[in-house]
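> I'd like to ask some things about the structure below.
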Amino acid sequence: MSKSVLVINCGSSSIKFALLLEQQDFRIHGLAENLGTADARIKGVTVGNEPVDIHIPFADHKKALEVGLERLANYKPDAIGHRVVHGGSLTKAELINDDIIEHIRAAIPLAPLHNHAHLIGIEATQRLFPDLPQVAVFDTAFHQTMPAHAYRYAVPKFLYTEHGVRRYGFHGTSHAYVSERGSALAGSFKQGGWLTAHLGNGSSTCAIWNGQSVDTSMGLTPLEGLVMGTRSGDVDPSLHSFLAKNLGWDIYKIDKMLNSQSGLLGLSDLSNDMRTLIDASEKGNEDATLAIEVFCYRLAKSLAALSCGLPELNGLFFTGGIGENSAYIREKTMSYLPHFGFNLNKDANNALKRGTEGRIDAGTGPQIWVVPTDEEGRIAQEVHHVVDAHVGQQLLKKSELKTELA
Ligand code: AMP
């Protein structure tokens, strides 16, 4: 049985890691950043809650993990969970073996930066902990229950059958956790129809029916859907040819513009950070005000559209840095959805403290809740399930062998 789980989220030049000890409320966090450069460092907190800032010039992923984990000498993990952005057609978390590594590799064209970095992290932890079970938890897995009419694009069929061009959806760990936790709080664990709005630097919505994802706003890549910090979300696909023909831009420049220079940053010409935009808007910055308005309107439009996937609508959960912390954004978004019967309790909305869960509707119409997400906790939970099931299978095999030999 796995007791403490090391959760790893590996990016191309950074690693976020968290050790979740047996008691779920005891966690140690760390962040290694600028890996491969002279400025590589590890930041975090020690077991005694002391801040850590260690300079590790030119350290790679393995070195950073070694240095980070040295600090946790008394708290060795029993299993490791890797957040993996794209799992292709995989439908659940999997114990990592050669076959699963090949699946992650095969999905690299669909998430080039992310999946490549995850493989580097997996290789580093396999070398550091050759005897520990390691589990891949995929952002896309939760959305594999979407029906074909939600995940197919209206493009020639061979692009789907031969090249995997379809909608996959992301943030699955968060949507799964928040909808389970939220529906339990509402007294209908994994029952009924719910919408989730995960609003952070990356944002997405999801429609969940009886605990299963039936539609979501992100698609083939995490660019589709809502306005995000630096990502445009939906645009007319002809924008690409318009920019190529009229400005001579190539596909890499267009990709970079849509992923890194658009969204709240592009609209406001100021910042990708919602807090900065709200402050600027209060001081009269019209571009910041417009960016916030577009963000909320497009979010409301996405929620309305996704509700088509639900036979009935029990309510909505807000989560993510913006969804959990900004009463202003929640109120502005709900103001676009009165015809769904949503009725926000403004006092409850304004009174909700940072990081707390709570109900914020007025008691009529679909419910509205704020549910702080816990992606690390959910990953650790999935690791427990996969490892325990594997141990169970091993025991079963052993007892079958004994019976055969007897
Ligand atoms: P995440 O990616 O989930 O960490 O969320 C980051 C986003 O949450 C940033 O745009 C922050 O500005 C935003 N955020 C955090 N706290 C607040 C707040 N109190 N009000 C508005 N936005 C916030």
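The values are calculated or read from the model by the stated rules, or taken from the named source; none is laboratory data. The structure displayed is predicted, hence computed values, not measured ones. Methodologically, a virtual Cβ is constructed for each residue, glycine included, from the backbone with ideal geometry; neighbour enumeration extends over all protein chains shown. Protein only, heavy atoms only, side chains kept; ligands, DNA and RNA dropped before computing areas. Shrake-Rupley method; radii C 1.70, N 1.55, O 1.52, S 1.80 Å.
> For n ≥ 4 DSSP H runs only, could you compute -39500 (n - 2.57) per run for the chain, divide by its residues and tell me the 222 nm figure to the nearest 500?
-12500 deg cm²/dmol
> Where does the stretch 1-124 land on Rg(C-alpha)/(2.2 N^0.38 Å)?
That ratio works out to 1.08.
> Heavy-atom accessible area per residue, the chain, 1.4 Å probe: how many Å²?
Accessible surface, normalised per residue, equals 48 Å².
> So which lysines pass the test for LYS63, namely a Cα distance under 18 Å, with those fewer than 8 places away in the same chain ruled out?
Reachable lysines: LYS16, LYS43, LYS76.
> What does the stretch 274-393 give for Rg and for Dmax, in Å, if only its C-alpha atoms count?
Computed over the Cα atoms of the stretch 274-393, radius of gyration and Dmax are 17.6, 63 Å.
> Can you bin every Cα-Cα distance in the stretch 253-293 into 5 Å intervals starting at zero and give me the percent of pairs per bin, rounded to whole numbers?
6, 30, 31, 16, 10, 6, 2
> Quick one: Cα convex hull volume of the stretch 159-290, Å³ per residue?
133 Å³
> A further question follows. Just want the answer: with Cβ charges of +1 for Lys and Arg and -1 for Asp and Glu, which residue in VAL294, ASN246, LEU264 is farthest toward the dipole's positive end in the stretch 243-337?
ASN246
> Any idea how far the Cα center of the stretch 143-213 sits from the one of the stretch 324-350, in Å?
Cα centroid of the stretch 143-213 versus Cα centroid of the stretch 324-350: 22 Å apart.
> Now, a different point. What does the charge dipole of the chain about its Cα centre add up to, to the nearest 20 debye, if the Cβ of each Lys and Arg holds +1 and the Cβ of each Asp and Glu holds -1?
For the chain, the charge dipole is close to 280 debye.
> Determine how many Å³ per residue the convex hull of the Cα atoms of the stretch 227-320 encloses.
Expressed per residue, the convex hull around the Cα atoms of the stretch 227-320 is 118 Å³.
> Cα atoms only: what Rg and Dmax, in Å, come out for the stretch 82-210?
Using the Cα atoms of the stretch 82-210, the pair Rg, Dmax is 16.2, 46 Å.
> At 25 °C and 0.890 mPa s, grab the translational diffusion coefficient of the chain from Stokes-Einstein with a Kirkwood Rh over Cα pairs, rounded to a whole number in µm² per second.
Calculated translational D: 108 µm²/s.
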